[in-house]
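For reference, the structure discussed in these notes is given below.
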Amino acid sequence: MTIKEGDHIPEATFKRLTSKGLIDVDASTLFRGKKVAVFGLPGAYTPVCSEHHLPGFVKQAGALKAKGFDEIVCISVNDPFVMDAWGKLHGADSELTMLADADGAFTRAIGLVVSLPTFGLGDRSQRYSMVVDDSVVSNLSIEKSVLEHELTSASCMLRG
């Protein structure tokens with residue numbers, strides 16, 4: 001079942017590479033008491049993700065924080081080393097929290113898995129964005145195709 005507005009974020013543990021090494025990031029701690037802009041995407045270094053989705057959030061990070069977001073989180077079914085390198089390449093490391101849903105557990109729990117064998121990818125995440133207020137989804141957008149990014153862009157989130 002796909003997560004919807006009004007639902008609580010499920011329990012999950014993400015991986016993140018930091019200057020202190022690899023750490024676990026617990027969803028309940030990440031979202032508790034904060035307003036978080038979350039966007040999920042099929043994969044680091046993939047064309048739409050690298051050319052549009054991630055750069056849009058990096059560019060709009062200041063505006064999102066000015067609008068009251070405490071944190072901006074990018075989630076992908078990738079390993080934490082790839083997420084860290086990709087974030088640094090795009091200047092996201094100082095603006096966004098780059099999280100690896102390495103085994104896809106979170107993506108499965110929110111019902112947003114997509115299989116992309118045509119692109120040489122197995123089970124990945126659909127492209128989505130959501131506003132999470134104190135662990136509750138208050139706004140959710142899901143693209144019809146992983147090749148689209150308009151509904152889930154930072155600009156769209158700012159308008160909402």
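The values are calculated or read from the model by the stated rules, or taken from the named source; none is laboratory data. Because the structure is a prediction, the values reported are computed rather than measured. When we count neighbours, we look across all protein chains shown, and the Cβ atoms used for this are built from the backbone with ideal geometry, even at glycine. Accessible surface areas use protein heavy atoms only, side chains included; no ligands, DNA or RNA. Shrake-Rupley method; radii C 1.70, N 1.55, O 1.52, S 1.80 Å.
See the values below:
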item: Convex hull volume per residue in cubic angstrom - Cα atoms of the stretch 22-114; result: 98
item: Per DSSP, loop trypsin sites (Lys or Arg not before Pro) in the stretch 68-160 with at most 10 further Cβ within 10 Å; result: Lys144
item: The chain, relative contact order in percent, only Cα pairs under 8 angstrom and at least six apart counted; result: 32
item: For the stretch 90-160, accessible area per residue (1.4 Å probe, heavy atoms of protein chains only), Å²; result: 46
item: Among Thr97, Ser76, Leu64 the positive-end extreme of the charge dipole of the chain (Cβ point charges); result: Leu64
item: At 1.306 mPa s and 10 °C, Stokes diffusion of the stretch 51-101 via Kirkwood alpha-carbon radius, µm² per second; result: 144
item: Set Lys15/Lys144; Lys20/Lys59; Lys65/Lys88; Lys35/Lys144; Lys15/Lys35; Lys34/Lys67 screened for pairs whose C-alpha atoms are more than 23 Å apart; result: Lys15/Lys144; Lys20/Lys59; Lys35/Lys144
item: Rounded to 5, percent antiparallel among DSSP beta bridges of the chain; result: 70
item: Accessible area of the stretch 55-154 belonging to carbon and sulfur atoms, whole % at 1.4 Å probe; result: 53
item: Linear extension gain, Val113 paired with Ser138, 0.36 nm per residue minus alpha-carbon span; result: 6.9 nm
item: Rg/Rg_ref, the stretch 50-160, where Rg_ref = 2.2 N^0.38 Å and atoms are Cα; result: 1.03
item: Estimated dipole of the stretch 114-155 in Debye, rounded to 20 [Cβ of Lys and Arg +1, of Asp and Glu -1, Cα centre]; result: 180
item: Dipole magnitude (debye, nearest 20) for the chain, charges at Cβ of Lys, Arg, Asp, Glu; result: 280
item: Accessible area, probe 1.4 Å, largest first, for residues Lys67, Lys4; result: Lys4, Lys67
